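Notes follow the structure.
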Amino acid sequence: MDIWHIRGGNRLFGSCRVQGSKNASLPVLAASIVFPARSRIRNVPRLRDADAAVSILSHLGCSVGREENELYIDSGLVADADIPRELMAEMRSSVIFMGALLARCGEARLSLPGGCQLGKRPIDLHLSALRAMGAEISEEGSDIFCRAAKLHGAEIDLRFPSVGATENIMLAACAAEGRTTIHGAAREPEIVALQNYLSSLGAHISGAGSGRIVICGASARETTDYTVPSDRIVASTLACACAAAGGRIILSGVNYEHFLTVLHFLNEAGCDIIHFNDIVEISSSGVLRAPGSVITAPYPGFPTDAQPILMAALLRAQGTTQFTETIFENRYRHVSELRRLGADISVDGTQAVLRGVKELRGETLTAPDLRGGAAMVVAGLTARGETRVVDAGHIARGYESFDDRLCALGADVWIEHKGKGTYEDASQPDQPAAFQQARRV
Ligand code: UD1
């Protein structure tokens, strides 16, 4: 159990290179088994969820090596199509192994995935699309059995641009006979990242970033060297932290367009934003005004993952901000905790109304989920006195060395590690032998 201690009041100054994207890394790690290949994957953040994906790969029979933020995966042998329940429960992205295993082994035996409790999070779109491609799928309780003697291409219409369903279809379609077209596909940058990785291994795939993705099998290659793009939600979090606390920070290694909607609201709130190539600079007096109405939507709309974090940054902004959450039905779990700091927020269904207050006072809060936990850290940076965030490992699932990064920018934060369960406890030692082979890729 980690307990974050945040002493509010410090402004943030300096520069920070933003980590690789969690939500881009995880589908790429699952995709590494689609073809028998050796992949060097750079810029993988050191996170619990990445460790969970590595555990699944190792369980399936892959050889995985790691050196800092690089992973080497040899998927020449995939000996098992079964993922134990405890590995599936570690994270949401484990569900992407369904399409990957179907593509590689023609079968997959797994169970419903874990991840943040943001709502019902069904996988009906994943299952109906895979069935349309020829998979036979049966469900027993939380267990899922998939089999496909032969996958075939299909025209798939997604009624909602689900990120996970789009990823699963892309992976399965790499092994399907004929052409698969996804209409109404998710357009998130993570989908583009997955397309780039699959293309680097010889998949014939195009259209990612638009609502129509076409996959026509593959002429598989044996090796690839791929770099994961930066994490747009971590970039958004650091930008929101600076906006709330005041100061001037430079984020490097980022793609400005990927978190443009978040920067737009920070600009409306009174921050100065400058961008050049892969650098974004945010300056804030720390005195913000409410930017109006924030509505979450699939990309390129405002990201649901940034909703709790922007809310935390605006707790002291002058005026009223209206939030509308359209993606997940249970995404205001941070609100009751933020109120304990003195925030004035009311929630009615999908709507939350935030009225800026003059002052926040430190309190002990409990992180409900990954982004909710990050929101509490951002809020704590502007509260009087000390805020403590009791975090059951949520923040470490998405933010790499977040305490060190904030401290380097001038924040007064530290983590008390109580008992087992820290990232360091959980992480496996590097595997230099496997990594040495990687150098020959
Ligand atoms: C991914 C991200 C998550 C982000 C979300 C939306 C990862 C690991 N997680 O989650 O951080 O918040 O995209 O940008 O990449 N839905 C269905 N049926 C389905 C699938 C989804 O009804 O079969 C609904 C969900 O309940 C939800 C909405 O569609 O209301 C969006 O879900 P989806 O885009 O699939 O999100 P994830 O892939 O789970």
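The values are calculated or read from the model by the stated rules, or taken from the named source; none is laboratory data. These figures come from a predicted structure and were not determined experimentally. Using ideal geometry, Cβ is built from the backbone for each residue, glycine included, and neighbour counts are taken over all protein chains shown. For the accessible areas, the whole protein counts, side chains as well, though only heavy atoms, and no ligand, DNA or RNA atoms are used. Shrake-Rupley method; radii C 1.70, N 1.55, O 1.52, S 1.80 Å.
In region 58-83, the residues that are of a type in the set (F, W, Y) reach residues that are in a loop (DSSP other than H, G, I, E, B) with C-beta atoms within less than 8 angstrom, at least six apart or across chains, in these pairs: Y72/V441. Number of residues in region 52-93 that are over 22 Å from the mean Cα position of the chain (by Cα), of a type outside the set (D, E, K, R) and more than 26 Å from P229 (Cβ to Cβ) equals 8. None of D225, D157 is charged (D, E, K, R) and closer than 17 Å to A31 by Cβ except D225. Taken residue by residue, region 151-169 has at least one member that is of a type in the set (S, T, Y) and open to solvent by less than 10 Å² (accessible area, probe 1.4 Å). Listed by first and then second residue, the pairs linking a residue in region 399-415 that is in a loop (DSSP other than H, G, I, E, B) to a residue that is surrounded by fewer than 19 Cβ atoms within 10 Å (Cβ to Cβ) and not polar (S, T, N, Q), with Cβ atoms under 7 Å apart and 6 or more places separating them unless they lie on different chains, are E400/R46; L409/F13; L409/G14; G410/R11; G410/F13; G410/G14. Whether a residue is over 23 Å from A81 (Cα atoms), more than 10 Å from the ligand (Cβ to nearest atom), in a strand (DSSP E or B) and in contact (Cβ under 8 Å) with a residue 24 or more places away in the chain was assessed, and I156 passes this test. Among the conditions (1) among the aromatic types (F, W, Y); (2) more than 19 Å from the chain's Cα centre (by Cα); (3) over 25 Å from D404 (Cα atoms), F97 misses just one, which is (2). In the set V390, V378, only one residue is buried (at least 24 other Cβ atoms within 10 Å of the Cβ) and in contact (Cβ under 8 Å) with a residue 40 or more places away in the chain; that residue is V378. Cβ-Cβ distances below 7 Å connect the following pairs, each with a first residue in region 305-317 that is of a type outside the set (A, V, I, L, M, F, W, C) and open to solvent by less than 10 Å² (accessible area, probe 1.4 Å), a second residue that is within 16 Å of the ligand (Cβ to nearest atom) and assigned to a loop (DSSP other than H, G, I, E, B), and a separation of six or more residues or different chains: Q307/E325; Q307/R331; P308/H334. Applying the set (1) among the hydrophobic types (A, V, I, L, M, F, W, C); (2) within 14 Å of the ligand (Cβ to nearest atom); (3) open to solvent by 20 Å² or more (accessible area, probe 1.4 Å) to L260 leaves exactly one unmet item: (2). Checking each residue in region 138-153 for being within 28 Å of the chain's Cα centre (by Cα) and away from the ligand (no atom under 16 Å from the Cβ) picks out G141, D143, F145. Could you go through region 403-421 and let me know if any residue there is open to solvent by less than 50 Å² (accessible area, probe 1.4 Å), over 21 Å from A235 (Cα atoms) and out of contact with any strand residue (DSSP E or B) (no Cβ under 7 Å at 6 or more places or on another chain). Checked region 403-421: at least one residue is open to solvent by less than 50 Å² (accessible area, probe 1.4 Å), over 21 Å from A235 (Cα atoms) and out of contact with any strand residue (DSSP E or B) (no Cβ under 7 Å at 6 or more places or on another chain). Applying the criterion of being over 15 Å from A135 (Cβ atoms) and within 16 Å of the ligand (Cβ to nearest atom) to the residues of region 170-183, the residue that is surrounded by the most Cβ atoms within 10 Å (Cβ to Cβ) is I182.
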